[in-house]
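Undergrad: Questions regarding the structure given below will be posed in turn.
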Amino acid sequence: MKIAIVGCGNMGMAFAKSFLQYDLVKKDNLLLIEKSIERSEALKAEKTGVVVDTISSRISDADLIILSVKPQDFSALQDALREAIQPQQVILSIMAGIPISAIQEKLNHRLVIRAMPNTPAMLGMGITGFTAAKEVDLTNLRKVENLINATGRSIFLEDESMLDAVTALSGSGPAYFYYLVKAMVEAGKQMGFDESVASLLVKQTMLGAFHLINTADKSLDDLIKAVASKGGTTEAALKRFEEGELADTLIAGIKAAQVRATELSKS
Ligand SMILES: NC(=O)C1=CN([C@@H]2O[C@H](COP(=O)(O)OP(=O)(O)OC[C@H]3O[C@@H](n4cnc5c(N)ncnc54)[C@H](OP(=O)(O)O)[C@@H]3O)[C@@H](O)[C@H]2O)C=CC1
Ligand SMILES: O=C(O)[C@@H]1CCC=N1
């Protein structure tokens with residue numbers, strides 16, 4: 001299989017490296033198109049694939065073209081891509097917000113799959129929601145699904161509009177988790193720990209607690225109850241969170257991300 005990746009930043013390279021790790025593509029068959037000189041020099045030094053800086057007829061060789069530039073950068077490349085693209089090539093877009101119909105229209109091309117991964121894809125521990133234009137046949141869909149699964153797990157969604165919710169929940173989700181971890185580390189520092197000690201306490205707590213979610217046969221409410229003794233310390237913290245409407249704020253934030261994804265689709 002020959003793959004071209006347009007935009008080789010965080011996510012483009014998470015995909016590229018996962019494919020290489022599982023031998024789903026050979027380096028010689030991996031075309032990396034990266035505009036940033038600094039980044040493309042680094043990619044050349046890493047020898048991850050064939051690195052070029054612009055879209056040219058070389059892209060016409062690829063079976064699959066992955067679009068992993070920022071949504072705002074799509075319009076600048078669409079003309080060059082429309083010129084070079086061949087009818088049998090499959091496009092996989094991971095750009096937040098941009099609907100399949102817009103990509104089809106701008107590129108004058110039908111075979112478009114749209115996916116929303118997240119950064120743990122860098123470790124093969126991502127989760128990706130994806131959907132496809134009705135013109136994409138099962139063979140191509142399976143091929144792309146196999147590639148996505150090299151970055152972690154995946155979930156196929158019939159309804160494209162749910163991809164904006166995937167973006168808000170799991171696409172952006174890692175940042176919410178880091179935000180929470182950062183606040184807990186800050187609390188540790190304010191209580192007198194060095195950053196490194198606070199960080200160790202928090203990170204190991206999050207790791208252990210995560211595994212309990214997955215292994216203990218208990219609901220999240222039961223897991224909370226198992227920590228929060230009547231009249232104890234956890235209860236004091238949870239009461240303060242409730243007063244500050246922390247859960248509602250988190251939910252509102254996630255919905256704001258969904259709204260932004262929908263706005264991006266219209267810009
Ligand atoms: N980061 C995340 O957690 C996730 C991101 N996404 C989506 O993935 C996409 C990429 O995000 P991310 O990897 O974080 O972004 P990055 O900024 O890390 O990577 C994008 C790269 O594309 C380059 N680029 C821009 N225009 C072109 C062009 N015309 N030709 C070639 N390269 C180009 C950029 O260069 P320069 O910097 O010079 O502009 C940059 O190096 C976005 O659309 C985002 O919505 C999806 C899921 C999760
Ligand atoms: O913040 C963003 O727009 C992208 C999409 C999901 C994660 N990062």
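The values are calculated or read from the model by the stated rules, or taken from the named source; none is laboratory data. Model, not experiment: these values are computed from the prediction. Quick reminder, even Gly has a Cβ in these numbers, built from the backbone with ideal geometry, and neighbours come from all protein chains shown. Quick note on the areas: whole protein, heavy atoms, side chains included, nothing else; ligands and nucleic acids left out. Shrake-Rupley method; radii C 1.70, N 1.55, O 1.52, S 1.80 Å.
Undergrad: Only helical DSSP H runs with n ≥ 4 go in: add -39500 (n - 2.57) per run for the chain, normalise by residue count and round the 222 nm mean residue ellipticity to 500 deg cm²/dmol.
TA: The helix-only estimate for the chain comes to -16000 deg cm²/dmol at 222 nm.
Undergrad: So, in Å, what gap is there between the alpha-carbon centers of region 132-188 and region 240-258?
TA: 21
Undergrad: Output wanted: per-residue J couplings in Hz (rounded whole) for region 97-111, from phi through Karplus 6.51 cos²θ - 1.76 cosθ + 1.60, θ = phi - 60°, x for Gly and Pro.
TA: Karplus-based 3J(HN,Hα) across region 97-111 equals x, 6, x, 4, 4, 5, 5, 4, 5, 5, 9, 6, 8, 8, 7 Hz.
Undergrad: Of all DSSP beta bridges in the chain, what percent run antiparallel (nearest 5)?
TA: Taking every DSSP beta bridge within the chain, about 15 percent pair in antiparallel fashion.
Undergrad: Compare the peptides 235-242, 60-67, 92-99 by average per-residue count of other Cβ atoms within 10 angstrom and give them in order, highest first.
TA: 92-99, 60-67, 235-242
Undergrad: Also, quick follow-up: If you put +1 on each Lys and Arg Cβ and -1 on each Asp and Glu Cβ, how big is the dipole of region 3-160 around its Cα centre, in Debye rounded to 20?
TA: That gives a dipole near 240 debye.
Undergrad: Of Ala62, Gln89, Val185, which is farthest on the positive side of the dipole of the chain, counting Cα position, with +1 on Lys and Arg Cβ, -1 on Asp and Glu Cβ, and the Cα centre as origin?
TA: It is Ala62.
Undergrad: I'd like the carbon and sulfur percentage of the solvent accessible area for region 3-160, probe radius 1.4 Å, heavy atoms only, ligands and nucleic acids excluded.
TA: 50
Undergrad: Under unit Cβ charges (Lys, Arg +1; Asp, Glu -1), what dipole magnitude, rounded to 20 debye, does region 173-266 have relative to its Cα centre?
TA: 160
Undergrad: Rolling a 1.4 angstrom probe over the protein heavy atoms, how many square angstrom per residue are accessible across region 46-202?
TA: With all protein chains present, region 46-202 gives 52 Å² per residue.
Undergrad: Now for a separate question. To one decimal place, what orientation-averaged projected area in nm² is obtained for the convex hull of the Cα set of region 3-160?
TA: With every direction weighted equally, the projected area is 8.1 nm².
Undergrad: At each listed q (0.09, 0.12, 0.13 Å⁻¹), what is the log10 of I(q)/I(0) that the Debye formula gives for the chain modelled as equal alpha-carbon point scatterers?
TA: Log10 of I(q)/I(0), two decimals: -0.50, -0.81, -0.91.
Undergrad: Can you pick out the pairs among Lys2/Lys44; Lys106/Lys255; Lys70/Lys203; Lys182/Lys266; Lys17/Lys266 whose Cα atoms lie more than 24 Å from each other?
TA: Lys106/Lys255; Lys70/Lys203; Lys182/Lys266; Lys17/Lys266
Undergrad: Against the longest alpha carbon principal axis of the chain, how many degrees, from 0 to 90 and to the nearest 10, is the axis of helix 173-190 turned?
TA: The answer is roughly 40 degrees.
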